[in-house]
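I have placed the structure first, in the form of structure tokens, so that the comments after it can refer back to it.
The values are calculated or read from the model by the stated rules, or taken from the named source; none is laboratory data. The structure presented is a predicted model; accordingly, all values stated were derived computationally and were not measured. When we count neighbours, we look across all protein chains shown, and the Cβ atoms used for this are built from the backbone with ideal geometry, even at glycine.
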Amino acid sequence: MVITDIKLSREELKQALAGFIGTEEYYLHRLPNGMTMKLTDGCQFVREHAGGGAYWLFDLILSWQIKLSKNPFQVWKLIKQGNGPWVIQCADGNDNFLAGHEILNSDFPLDQVTVWLIDGIVCLPSEY
């Protein structure tokens, strides 16, 4: 799926993300310390287009892997808390809480997004 680098409305972004099923390519996400993980087409789209770029979201997920790497399946949810701060939470596939972090301010355009980290690959649930 090729979408030009244009500003998408919230609804257009939701529709675009719903169109990702499977992936054709993997994209490397790297931290300065050398840690890496792979992103699917849908996560690459989020990284490039959500709120002018959501590299920070994948930086945060990857930075937690120092503590969570023993969990091969992780469900990450970024959720806007009404008018308050954002919360990012990680659980295993059985809703057991693994980690969480409060984010005071973000320009992320959606009220929430969920990604799965499976054996070092981050995907949208629709891409699994």
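Per-structure values
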{"read-out": "Subset of region 62-81 that is touching a Phe, Trp or Tyr at 6+ places or on another chain (Cβ under 9 Å) and not in a loop (DSSP other than H, G, I, E, B) - its residue that is farthest from residue 120 (Cα to Cα)", "value": "80"}
{"read-out": "Residues of region 6-35 satisfying the condition of being over 24 Å from residue 105 (Cβ atoms), exposed (fewer than 12 other Cβ atoms within 10 Å of the Cβ) and of a type in the set (S, T, N, Q)", "value": "15, 33"}
{"read-out": "Per-region count, region 11-30, residues in contact (Cβ under 8 Å) with a residue 60 or more places away in the chain and more than 13 Å from the chain's Cα centre (by Cα)", "value": "8"}
{"read-out": "Restricting region 31-42 to residues that are under 14 Å from the mean Cα position of the chain (by Cα) and assigned to a strand (DSSP E or B), the residue that is farthest from residue 125 (Cα to Cα)", "value": "37"}
{"read-out": "Residues of region 96-108 classified as in contact with a Gly (Cβ under 7 Å, 6 or more places away or on another chain) and either crowded, with 17+ Cβ neighbours inside 10 Å or more than 23 Å from residue 52 (Cβ to Cβ) (or both), total", "value": "1"}
{"read-out": "Unmet requirement for residue 102, which otherwise passes all of (1) in a strand (DSSP E or B); (2) more than 13 Å from residue 62 (Cα to Cα); (3) touching a helix residue (DSSP H, G or I) at 6+ places or on another chain (Cβ under 8 Å)", "value": "(3)"}
{"read-out": "Residues (in contact (Cβ under 8 Å) with a residue 24 or more places away in the chain and on the phi > 0 side of the Ramachandran plot) located in region 91-128", "value": "119, 120"}
{"read-out": "Condition check for residue 114: within 20 Å of residue 11 (Cα to Cα) and either modelled with pLDDT of 95 or more or of a type outside the set (Gly, Ala, Ser) (or both)", "value": "yes"}
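A quick yes/no check of all residues on (1) surrounded by fewer than 12 Cβ atoms within 10 Å (Cβ to Cβ); (2) not in a loop (DSSP other than H, G, I, E, B):
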position	(1), (2)
60	no, yes
84	yes, no
94	yes, no
110	no, no
113	no, yes
